[in-house]
Amino acid sequence: ILVGKVSPKSKTELTPEEKLLHAIFGRAGEDVKNDSLEVPSGYEGVVIKTNRFTRRGAGSDEHKDALKTEMIRFETEMTAKECAIFRQMMEEIHAKLEVDVIDPTSRQKVGVSDNDDVIYEQVENFDLAWIKPAKIRNEAKKIYDEYQPKLQELKDEKVRRLERMRHGDELPSGVLEMVKVYMATKRTLSIGDKMAGRHGNKGVIAKIMPEEDMPFMEDGTPVDICLNPLGVPSRMNVGQILETLLGWSSDVLGFRSVTPVFDGATEQEIHDLMSDANDHVAKRIDELESKKQAPPSDECFAKITKSLKAQLYDGRTGEAFEQETTVGQIYMLKLHHLVDDKIHARATGPYSLITQQPLGGKARTGGQRFGEMEVWALEAYGAAYTLQELLTVKSDDIEGRTKIYESMVKGMNILEAGTPISFDVLCNEIRGLGLNIQLEKKRIGAPRL
């Protein structure tokens, strides 16, 4: 439970006994229901922040006293911050200009008192004319202009916050108090999470493998991510291939590449950079061999062939793949479509008032819609019983769904489908057109009168 809350059960008329109970016990005798804010099922995390918004005049006496104390504390804190900045400014003026600034009213040195009330009064009344002689005022004004925005920002913040505390928060009509709780959840990348590059090349993670099982290059460097090649031809986003190759050469040659739209690196330039990268790798290998040094683990020594592809090897078997693969570096971002937020299940749940069909959506613990095209698929396969179940007992046949629930509880397997409510809705719509449609019910095998 994040926020505890009880609300009265809505009753229009009270019985004499309830009136007596209320008269004796006051609010304690009221019939209330638990209306607390709870963490939704399937979520866990750490509460990092809570905000409480109150309309002016609402809230208990305790809350009002706490608010007054908070206002005094906040005002004192902000005043102390202003005084600290002012003292800092006066110290800088004294150090750079070697003058003592005197307040003409109180004849005291400015910015040296330990009493915040005295300093705050000087902050409010300070004038550059206090600095003498006049010839050094321009220098003092430069220092003053540096500190003045900070002081003004603190003053504005103080006024704004105190005003909000005095007048309360702006809330929707009818709402006296609102509480917001911020909860942080740590999510690691998992199967089903959505990722995307910079070329509209989005997709979900199909499998996560240990690093040693990933495909590796001829020097043993494993790849981080494998993209499906079918994501290129039909979508025609060849930019991702160019980015991959340019990223590879940038990494090997140690430079940053920026390619604006319509003014990026051409294919020929990328081709030239790739051959430069290959030459660089060959030189590095010769260097290390001549010095008899072990190659650094963070450096890649694989070569890209003239076809701009590299030979990869299966991490599980060690065998070379049949065809060469484009390898390089690319930006991949994690999108806010995480499988943890989308995973959802429903056995029974709420139904729509008019059609009596299950509601949709995760927030309402809804079902999955079996649409028109899915019905065609079942019709095409002749799956009559499955279709009947979906259109009646799993949807809007109230009697049927009650009976099948009972039979499941008893461990029996009986399907008695009735008339769906959607049929009644259809009849009512036809009657709304002025056509008197009547449903004639008869038992099968009974004589017709």
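Looking only at the range 59-76, decide whether some residue is modelled with pLDDT of 80 or more and touching a Phe, Trp or Tyr at 6+ places or on another chain (Cβ under 8 Å). No, every residue in the range 59-76 fails to be modelled with pLDDT of 80 or more and touching a Phe, Trp or Tyr at 6+ places or on another chain (Cβ under 8 Å). In the range 369-376, is there at least one residue being touching a residue at least 60 places away in the same chain (Cβ under 8 Å) and not aromatic (Phe, Trp, Tyr)? No - not one qualifying residue is present in the range 369-376.
Applying a threshold of 8 Å to beta carbon distances and a minimum spacing of six or more residues, or different chains, the list of pairs starting in the range 280-306 at a residue that is within 15 Å of SER250 (Cα to Cα) and in the same structural domain as ASP219 (by TED's automatic domain parsing) and ending at one that is assigned to a loop (DSSP other than H, G, I, E, B) and aromatic (Phe, Trp, Tyr) reads VAL281/PHE301.
None of ASP251, ASP276 is part of a helix (DSSP H, G or I), touching a residue at least 12 places away in the same chain (Cβ under 8 Å) and surrounded by 14 or more Cβ atoms within 10 Å (Cβ to Cβ) except ASP251.
Scanning the range 194-212 for residues that are out of contact with any Pro (no Cβ under 9 Å at 6 or more places or on another chain) and surrounded by fewer than 13 Cβ atoms within 10 Å (Cβ to Cβ) yields GLY200, VAL204, ALA206, LYS207, ILE208, MET209, PRO210.
As a summary of the residue check, MET183 satisfies the conditions (1) more than 30 Å from VAL46 (Cα to Cα); (2) not in a loop (DSSP other than H, G, I, E, B) except for the one numbered (1). Quick check on the range 103-139: of everything there that is assigned to a helix (DSSP H, G or I) and of a type in the set (Phe, Trp, Tyr), which residue is nearest to LEU154 (Cα to Cα)? In this case the residue turns out to be TYR120. Scanning the range 214-243 for residues that are surrounded by 13 or more Cβ atoms within 10 Å (Cβ to Cβ), in a helix (DSSP H, G or I) and either outside the structural domain of GLY318 (by TED's automatic domain parsing) or more than 29 Å from the chain's Cα centre (by Cα) (or both) gives ILE241, LEU242.
Here is a yes/no grid of residues against (1) under 30 Å from ASP341 (Cβ atoms); (2) more than 32 Å from the chain's Cα centre (by Cα); (3) loosely packed, with under 12 Cβ neighbours inside 10 Å; (4) modelled with pLDDT of 85 or more:
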{"position": "ILE1", "(1), (2), (3), (4)": "yes, no, yes, yes"}
{"position": "HIS22", "(1), (2), (3), (4)": "no, yes, no, no"}
{"position": "GLY26", "(1), (2), (3), (4)": "no, yes, yes, no"}
{"position": "LEU37", "(1), (2), (3), (4)": "yes, no, no, yes"}
{"position": "PRO40", "(1), (2), (3), (4)": "yes, no, yes, no"}
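When the residues of the range 153-180 are filtered to those that are assigned to a loop (DSSP other than H, G, I, E, B), on the phi < 0 side of the Ramachandran plot and out of contact with any strand residue (DSSP E or B) (no Cβ under 6 Å at 6 or more places or on another chain), the one that is modelled with the lowest pLDDT is GLU170. Under the condition of being over 12 Å from ARG55 (Cβ atoms) and surrounded by 13 or more Cβ atoms within 10 Å (Cβ to Cβ), the residues counted in the range 158-187 number 7.
Tell me which of these PHE262 doesn't satisfy, since it passes every other one: (1) of a type in the set (Phe, Trp, Tyr); (2) in a strand (DSSP E or B); (3) in the same structural domain as GLY315 (by TED's automatic domain parsing). With (1) of a type in the set (Phe, Trp, Tyr); (2) in a strand (DSSP E or B); (3) in the same structural domain as GLY315 (by TED's automatic domain parsing) applied to PHE262, the lone miss is (2). Can you tell me which residue among ILE343, ILE421, ILE404, ILE414 is in contact with a helix residue (DSSP H, G or I) (Cβ under 7 Å, 6 or more places away or on another chain) and either closer than 30 Å to ILE191 by Cα or surrounded by 15 or more Cβ atoms within 10 Å (Cβ to Cβ) (or both)? Being in contact with a helix residue (DSSP H, G or I) (Cβ under 7 Å, 6 or more places away or on another chain) and either closer than 30 Å to ILE191 by Cα or surrounded by 15 or more Cβ atoms within 10 Å (Cβ to Cβ) (or both) holds for just one of ILE343, ILE421, ILE404, ILE414, which is ILE421. Among the conditions (1) free of Cβ contacts under 8 Å to residues at least 60 places away in the same chain; (2) within 30 Å of ASP169 (Cα to Cα); (3) touching a Leu at 6+ places or on another chain (Cβ under 7 Å), ASP61 misses just one, which is (3).
The values are calculated or read from the model by the stated rules, or taken from the named source; none is laboratory data. Everything quoted here is computed from the prediction, not taken from an experiment. All Cβ positions, even for glycine, are placed from backbone atoms using ideal geometry, and neighbour counts span all protein chains on display.
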